[in-house]
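Structure, as structure tokens:
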Amino acid sequence: MNSHHPDAAAAELPGRDLPKKSAGRGNRRAPWPVVQVVGRSRGVAAAVVTVGMIATGCGSADGGEGTPTTTSAPAAEESGNPWDLPVEQRPALFDPCADVPTDAVERAVGAPIRKEARLTKSDPGNLQTCGWSTDELIVDLVATWKSHADYLVDPTGVIASERYPVEDRIALRLLDREDDPNTCRYLFFTERGTVAISASLTTTFKTFRGKRFADVCEVLHEVSSPLVQIVPPGDFR
């Protein structure tokens, strides 16, 4: 005899899938919002860590560690490659909080968004970051002067593809880990620094638009199009 009981199977599903009961202990609110809030909080914390990983090892043109500087665009125009200039003479770093409209992010993810304060940092000349979230996804953009060569030897990320086509651009595709990644990102080596676009799934079941266990790189591919259009030009490797 099959001992499987339908209530046991239902217990394995998240609370949002369970019908409300009208008897017994009364109607209780399903616990899924708490799970989602906890998951989003953990997701933001993980995104903060990965933003730090992206920025680690930001260097100056001579290979040394960069220091906070004020950069200017006119000096870069005198050189064919802004990356060949000293950091203080390079163009101002791309600033996602200033340069990416909120409606572009909402259009990308197809849902209302919240700006995440913990994913926002401004260190002119070294690092600019901005992040937004929904109930199931975090999207963040990071700009640094960390070079393509630095990323190739950085052990903190997993390179999935060195030349990945995105719209009409070529990106370095990077994962937070090789096995079942939570975060996928595209890196563009532009005239205003390295610009990374990242997506991170934050729910327990990695849900995106009703689909469970979504592939985070497929999600990034799906949502990145409006954001790639805002990335500065250039491919300096």
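On the given criteria, is residue 92 over 16 Å from the mean Cα position of the chain (by Cα), at pLDDT 95 or above and more than 22 Å from residue 230 (Cβ to Cβ)?
no
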Quiz prompt | Yes/no for residue 87 being farther than 30 Å from residue 177 by Cα and at pLDDT below 95 | solution = yes
Quiz prompt | Residue list for region 166-194, restricted to those being over 23 Å from residue 125 (Cβ atoms) and not in a strand (DSSP E or B) | solution = 167, 168, 176, 177, 178, 179, 180, 181, 182
Quiz item: Taking residue 146 and the conditions (1) surrounded by 14 or more Cβ atoms within 10 Å (Cβ to Cβ); (2) part of a strand (DSSP E or B), which numbered condition does it fall short on, given that it satisfies the others?
Solution: (2)
Quiz prompt | Boolean, residue 141 is in contact (Cβ under 8 Å) with a residue 40 or more places away in the chain, within 26 Å of residue 215 (Cβ to Cβ) and touching an Asp or Glu at 6+ places or on another chain (Cβ under 8 Å) | solution = no
Self-check item: Of all residues in region 149-165 being hydrophobic (A, V, I, L, M, F, W, C) and outside any strand (DSSP E or B), the one that is nearest to residue 93 (Cα to Cα)
Solution: 149
Practice problem: Could you run through region 195-215 and say how many residues are touching an Asp or Glu at 6+ places or on another chain (Cβ under 9 Å) and either in a helix (DSSP H, G or I) or of a type in the set (Ser, Thr, Tyr) (or both)? | Solution: 5
Quiz item: Which of the residues belonging to region 165-189 are without any contact (Cβ under 8 Å) to a residue 40 or more places away in the chain, of a type outside the set (Asp, Glu) and either out of contact with any Leu (no Cβ under 7 Å at 6 or more places or on another chain) or surrounded by fewer than 16 Cβ atoms within 10 Å (Cβ to Cβ) (or both)?
Solution: 165, 177
Quiz prompt | Hits in region 210-237 - residues which are in contact with a Phe, Trp or Tyr (Cβ under 8 Å, 6 or more places away or on another chain) and of a type in the set (Gly, Ala, Ser) | solution = 214, 224, 234
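The values are calculated or read from the model by the stated rules, or taken from the named source; none is laboratory data. Keep in mind it's a predicted model, so treat the numbers as computed, not measured. Every residue, glycine as well, gets a Cβ built from its backbone with ideal geometry; the counts of neighbours run over all protein chains shown.
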